[in-house]
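**Q** One structure follows; several queries about it will come next.
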Amino acid sequence: MTDAADTSVHATAVLVGNRAVLIRGPSGAGKSRLAFELVLAGRAGQIPPAVLVGDDRVHLQARGGHLVVRPAPHLAGLIEIRGLGIRCCEFADEAIVNLVVDLAATDGARLPEAEALWTQIHGVQIPRIPVAPGFEPLPMVAASIITTKSLDSLRLSPDCVKGIGNHIKASIAPE
C-alpha cells in the first residue's frame, strides 16, 4: 500500500496514552468540548494522560499502515473553549489515530451494527464510535479507552449474534 498524501480535515484530535482519538462532526457538535473533556479526564486519572493534538483542523496521512494526525501549523496549541474563546494549551506534534468518534452521527444506536463500528480513512481501517445527536460522547469514549485494548483481542462468546463484542460471555452471572 502506498502512503496517502497529507490532507487537511475539519476535525479535532487528542492523544490519549500513546494513541489518538480523532473527533469528527458538524460545526457546533462539540468536538472541542469533547477534546477538552478528554484532557481533563486524563489529568483526573480517569483515562490515560491526554493532550491535544489539534483543534478544528488537523492533517491526516497514512504512513506505514497507520493513520497519522498532526495539528494544522497555524492552529497548533490552540483550542476553543466555549464562553472563554481561544486558549493556548500543550499539544502533541503528531500521533497515530486509534479511534474515530463521529458526533451527531445518524447511525448512532444503542447496539450499533458491526459495520458502524469501523471506518476507513486513507485506506486504514480504524475503530469508530458513532454518537447520536443528544448523547454525551465522553462516557462512550472513556469506556472504549479503558475497557478494550484492541478490538482484535476480544474473545467473543460463540453465541455472540453480531460479532462486535456486545456478548463477550454467554452470561454475566458470576462463575
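The values are calculated or read from the model by the stated rules, or taken from the named source; none is laboratory data. No experiment lies behind these values; they were computed from the predicted model shown. Using ideal geometry, Cβ is built from the backbone for each residue, glycine included, and neighbour counts are taken over all protein chains shown.
**Q** Can you spot a residue in the range 10-33 that is assigned to a strand (DSSP E or B) and of a type in the set (Ser, Thr, Tyr)?
**A** Yes.
**Q** Within the range 96-115, can you find the residues that are farther than 24 Å from GLY17 by Cα, buried (at least 17 other Cβ atoms within 10 Å of the Cβ) and among the aliphatic types (A, V, I, L, M)?
**A** Passing the criteria: ALA104, ALA105.
**Q** What's the number of the condition ARG63 fails, among (1) over 22 Å from GLY123 (Cα atoms); (2) surrounded by fewer than 18 Cβ atoms within 10 Å (Cβ to Cβ); (3) out of contact with any Ser or Thr (no Cβ under 8 Å at 6 or more places or on another chain)?
**A** Here ARG63 clears every test but (1).
**Q** Further, regarding this structure: Any residue at all in the range 83-95 that is surrounded by 16 or more Cβ atoms within 10 Å (Cβ to Cβ), at pLDDT 95 or above and in a strand (DSSP E or B)?
**A** Step one: filter the range 83-95 for residues surrounded by 16 or more Cβ atoms within 10 Å (Cβ to Cβ), giving 91-92, 94-95.
The next check asks that each one be at pLDDT 95 or above; those that pass are 91-92, 94-95.
In the following step, the residues that additionally are in a strand (DSSP E or B) were identified as 91, 95.
The answer is yes, given that some residue of the range 83-95 is surrounded by 16 or more Cβ atoms within 10 Å (Cβ to Cβ), at pLDDT 95 or above and in a strand (DSSP E or B).
**Q** Ok, one more. Give ALA72, ALA41 a once-over and let me know the one that is of a type outside the set (Asp, Glu), buried (at least 20 other Cβ atoms within 10 Å of the Cβ) and at pLDDT 95 or above.
**A** ALA41
**Q** Still on this structure, I have one more. Which one of these does ALA109 not meet: (1) touching a helix residue (DSSP H, G or I) at 6+ places or on another chain (Cβ under 8 Å); (2) in a strand (DSSP E or B)?
**A** Going through (1) touching a helix residue (DSSP H, G or I) at 6+ places or on another chain (Cβ under 8 Å); (2) in a strand (DSSP E or B) one by one, ALA109 breaks only (2).
**Q** Output the residues belonging to the range 42-70 that are without any contact (Cβ under 8 Å) to a residue 24 or more places away in the chain, assigned to a loop (DSSP other than H, G, I, E, B) and charged (D, E, K, R).
**A** Within the range 42-70, no residue meets the criteria.
**Q** Separate question: If SER144 passes every condition in (1) of a type in the set (S, T, N, Q); (2) surrounded by 18 or more Cβ atoms within 10 Å (Cβ to Cβ); (3) modelled with pLDDT of 95 or more but one, which one does it miss?
**A** So SER144 meets the others, but not (3).
**Q** Quick check on VAL51: is it surrounded by 17 or more Cβ atoms within 10 Å (Cβ to Cβ), under 20 Å from THR119 (Cα atoms) and among the hydrophobic types (A, V, I, L, M, F, W, C)?
**A** No, not satisfied.
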